[in-house]
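**Student:** First, the structure itself, so that you have it in front of you.
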Amino acid sequence: MENEADFRKEIIDFNPDLIISDYSMPAFDGMTALKIKIQINNTIPFIILTGSMNEETAVACMKAGADDYVIKENLHRLVPAIELAFQKHANVQAIEAAKNALKESELRFKSIFKDNLAVMLVIDPDNHNIVDANQAAENYYGWGLEQLLQKKLDDINAFPSADITSAIGNTREQKQVQFEFKHKKGDGSICDVEIFPSKIEIFNKEYIHLIVHDISERKKVQEELIQSEEKHRHLIENMQEGLIVVDNNDVIQLVNPIFCEMLGYEENELIGKVGNEILLNEADKEFILQKNRNRIKGISERYELNMLKKSGEQITLQMLASSMNDANGIVVGSMAVCFDITERKKAEEKIIILSRAVEQSPTSVIITNQDGAIQYVNAKFCDITGYTKEEVIGKNPRILKSGQHDKNFYENLWDTILTGKDWHGEILNKKKSGELFWVNTQISPVVNENGDINNFVAVIENITGKKKIIEELIVAKRKAETLDKMKTEFLAQMSHEIRTPLNAMMNYTSFLKDDLSADKSKELSEIFESISDSGSRIVRTIDMILNASELQVGGYDYIEKKIDIYGEIIKRVCRDLRHFLESKKLKLRITKLTENTSVLCDEYSIYQTLLNLIDNAIKYTEEGFVDVRLLRNDEDNLQIEIEDTGIGISEKYIDHLFDAFSQEETGYSRKFEGTGLGLSIVKKYCELNRIRIDVKSKKKVGTTFTLTFSE
């Protein structure tokens, strides 16, 4: 370059990467060129080339800012010098860039940290020292930066140091990104804070950067909310009524214990379930969905709803339902308070049924107040009396008085019911038409919970027709009793009239038989036996007729006592039938399979029963045997079995065996004699003594009667 001006221009226009200048030039020297370069762009490498240079000149060049110098005699050093200059230049640029970056970082840090409105601290994790704080931290805590830098995090924290160490450790291990602490301020107050920590590195050392948010107000609101929620939850859980909350899709959000108890579910079995799917019959689903749609419109309602318990049982609830709105007033669901009215509904149904029953009752019903004024009458009352309801409401029942009962009768009635007792009796009343009619009346007082009488209820049955029938029956009964008495007296008289001459005839026959005993002709012997048998037959027939008569009119005198059936009855029957057995040439076998043959019974009727049965067994048996067995069954009841090998009884006749005057063979051609009364009397005697009688028989094989005593 010829002069300084050209040099300046070239530097500005060309912006060279390297300048090599001779130390001595015609117009200006290398030191001047170096100064110009430094003024314009100090970053361009500058090498001085000189013919010769002493040490002082070289030092002066380097101090002035030259990157290197090369003696012309040593030009082989020029290339290394250039490379070294470029490297130096690169290092300078890197340092400059680092300085600029640091400056920018400082500006950014100032913007992000120092000037940030959020409270920020930088903590040394090793000793918990506060190493930096921003202006917001100074303002919040009430200490200046110098005061804060003299404190540890433990000094401003109300929690134990161990909690701080744990929090810092979790932050360093990136296990936790948020903490809640209580921090102390310069004025002594303590605030709830939420801390968001993060690791940062400064000059290869790890620090903890804290962003501190004051949450005192939020904690206060939360605490108030918790208290409010606890209060409401306590209220909900201790309600005596059920509570259910659903969203707009009928999904259950909340139920209280009473609701769960009503339906037999646990809370977790209901929450999140669709209410109409788990709690309702198919028929009720559309009903509740319509109610939910009404709720979305903001309509509150009271209604009854049938719900299904977990067991499948149906109950009826009364629902008081209303909408639930969010903070913006938008309906987000429904809430219903529930009352179990199942029992009330049942009671109402019973009342309805009772009301209908009273209204449609075949008897008259009158309800009065405590003063006797009529408050209600049913339709039957109007039918019987001829009065309409309107004509009697408010009136006294005395409008029905016939005048046929004296004052004492009504005083007794009122004295009875006013003491809280029921009165029952017959009253002769008078219809609206004046016609008299009899009623069977029961009057009952109705008392309240305090025991005071509020009402009287009279149930009245028209017994006019019944009274007439009863009077006719009384007359008929008297006539029948007279006839029975006459019949009994007649039978007794006939028995006397027949027995007296018959006994005389039997005695005379016995005398004649004794007088003619020398005449041992077979014919005469048969005549006397025929006369004796015929007489006995007449006596037995008369006894049966009298016994049957006593049983028919209920005049039999039953005397119960302990009887030894074997010792006192069976032996006696055997003695009485000994001649009959001998005449039939049969053997009567008595088998005693139990030692205890005593029972409570009536002696006469048991004797007649066994006499009839054994007599029949002998009568209808031509050959073989008659067995009488005494035993005890599995229930330890005495049984008597009478078995014969006689003619037997046909299967179709057994059903008529105990009918009076009934015989399987009838007419004058029958082979066996008898009146047909014996077994009917046996049956009645067995009933008197609580004896079951069973019969097994087969024609031409034989018959077995079994008597089972009930003890």
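The values are calculated or read from the model by the stated rules, or taken from the named source; none is laboratory data. The shown structure was predicted, so the numbers you read here are calculated from the model rather than taken from an experiment. So basically every Cβ, Gly included, is an ideal-geometry build from the backbone, and we count neighbours across all protein chains shown.
**Student:** If you check ILE647, ILE640, ILE606, which single one turns out to be aliphatic (A, V, I, L, M), at pLDDT 95 or above and either in contact with an Asp or Glu (Cβ under 7 Å, 6 or more places away or on another chain) or buried (at least 18 other Cβ atoms within 10 Å of the Cβ) (or both)?
**Tutor:** ILE640
**Student:** Evaluate the following for LEU588: is it in a strand (DSSP E or B), in contact with a strand residue (DSSP E or B) (Cβ under 6 Å, 6 or more places away or on another chain) and within 19 Å of ILE559 (Cβ to Cβ)?
**Tutor:** Against the criterion (in a strand (DSSP E or B), in contact with a strand residue (DSSP E or B) (Cβ under 6 Å, 6 or more places away or on another chain) and within 19 Å of ILE559 (Cβ to Cβ)), LEU588 does not qualify.
**Student:** Among the residues that make up the stretch 6-25, is at least one of them in contact with an Asp or Glu (Cβ under 9 Å, 6 or more places away or on another chain) and of a type in the set (Val, Ile, Thr)?
**Tutor:** Within the stretch 6-25, none of the residues are in contact with an Asp or Glu (Cβ under 9 Å, 6 or more places away or on another chain) and of a type in the set (Val, Ile, Thr).
**Student:** Provide a single number: the residues in the stretch 173-199 that are surrounded by fewer than 13 Cβ atoms within 10 Å (Cβ to Cβ) and farther than 23 Å from GLU223 by Cβ.
**Tutor:** 6
**Student:** Another one. Starting from the stretch 275-289, take each residue that is within 14 Å of THR316 (Cα to Cα) and list its partners that are of a type in the set (S, T, N, Q), counting only C-beta distances under 8 angstrom and pairs at least six apart or across chains.
**Tutor:** Close Cβ pairs satisfying both conditions: LEU280/ASN306; ASN281/ASN306; ASN281/GLN314; ASP284/ASN276; ASP284/ASN306; ILE288/ASN276.
**Student:** For the stretch 668-683, state whether one or more residues are modelled with pLDDT of 90 or more, in the same structural domain as TYR620 (by TED's automatic domain parsing) and among the acidic types (Asp, Glu).
**Tutor:** Within the stretch 668-683, none of the residues are modelled with pLDDT of 90 or more, in the same structural domain as TYR620 (by TED's automatic domain parsing) and among the acidic types (Asp, Glu).
**Student:** Would you be able to say whether some residue in the stretch 393-402 is touching a strand residue (DSSP E or B) at 6+ places or on another chain (Cβ under 7 Å), within 24 Å of GLY420 (Cα to Cα), charged (D, E, K, R) and touching a residue at least 12 places away in the same chain (Cβ under 8 Å)?
**Tutor:** yes
**Student:** Conditions: (1) surrounded by fewer than 20 Cβ atoms within 10 Å (Cβ to Cβ); (2) more than 60 Å from the chain's Cα centre (by Cα); (3) farther than 17 Å from LYS700 by Cα. ILE569 meets all but one. Number of the miss?
**Tutor:** (1)
**Student:** For VAL79, which of the numbered conditions (1) among the β-branched types (Val, Ile, Thr); (2) under 26 Å from ASN3 (Cα atoms); (3) at pLDDT 80 or above fails to hold?
**Tutor:** Of the numbered conditions (1) among the β-branched types (Val, Ile, Thr); (2) under 26 Å from ASN3 (Cα atoms); (3) at pLDDT 80 or above, the odd one out for VAL79 is (2).
**Student:** So GLU229 ticks every box in (1) under 30 Å from LEU317 (Cα atoms); (2) of a type outside the set (A, V, I, L, M, F, W, C); (3) in contact with an Asp or Glu (Cβ under 7 Å, 6 or more places away or on another chain) but one. Which box is left unticked?
**Tutor:** (3)
**Student:** What pairs come out if I take residues in the stretch 137-156 that are closer than 19 Å to HIS213 by Cα and pair them with residues that are in a helix (DSSP H, G or I) and aromatic (Phe, Trp, Tyr) whose C-beta lies under 8 Å away, six or more apart or interchain?
**Tutor:** LEU148/TYR141; ILE156/TYR141
**Student:** Could you count how many residues in the stretch 686-708 are under 57 Å from the mean Cα position of the chain (by Cα) and in contact (Cβ under 8 Å) with a residue 12 or more places away in the chain?
**Tutor:** Residues in the stretch 686-708 being under 57 Å from the mean Cα position of the chain (by Cα) and in contact (Cβ under 8 Å) with a residue 12 or more places away in the chain: 12 in total.
**Student:** Next question, about the same structure. Could you please let me know if LYS310 is of a type outside the set (Phe, Trp, Tyr) and free of Cβ contacts under 8 Å to residues at least 24 places away in the same chain?
**Tutor:** Spelling it out, it is not the case that LYS310 is of a type outside the set (Phe, Trp, Tyr) and free of Cβ contacts under 8 Å to residues at least 24 places away in the same chain.
**Student:** Still on this structure: Name the residue that is modelled with the lowest pLDDT, counting only residues in the stretch 413-470 that are among the hydroxyl-bearing types (Ser, Thr, Tyr) and within 19 Å of GLY403 (Cβ to Cβ).
**Tutor:** Across the stretch 413-470, the extreme among qualifying residues is THR464.
**Student:** Which one of the conditions (1) modelled with pLDDT of 75 or more; (2) surrounded by 12 or more Cβ atoms within 10 Å (Cβ to Cβ) does ILE112 fail to meet, given that it meets all the rest?
**Tutor:** (1)
**Student:** Kindly indicate whether any position in the stretch 185-192 is under 16 Å from ALA118 (Cα atoms) and either out of contact with any helix residue (DSSP H, G or I) (no Cβ under 6 Å at 6 or more places or on another chain) or assigned to a strand (DSSP E or B) (or both).
**Tutor:** Scanning the stretch 185-192, I find at least one residue that is under 16 Å from ALA118 (Cα atoms) and either out of contact with any helix residue (DSSP H, G or I) (no Cβ under 6 Å at 6 or more places or on another chain) or assigned to a strand (DSSP E or B) (or both), so the answer is yes.
**Student:** Let me ask you something else. Here's a check for you: in the stretch 30-50, which residue that is farther than 15 Å from GLU10 by Cβ, of a type in the set (A, V, I, L, M) and part of a helix (DSSP H, G or I) is nearest to the chain's Cα centre (by Cα)?
**Tutor:** Among those residues, the one meeting the criterion is ILE38.
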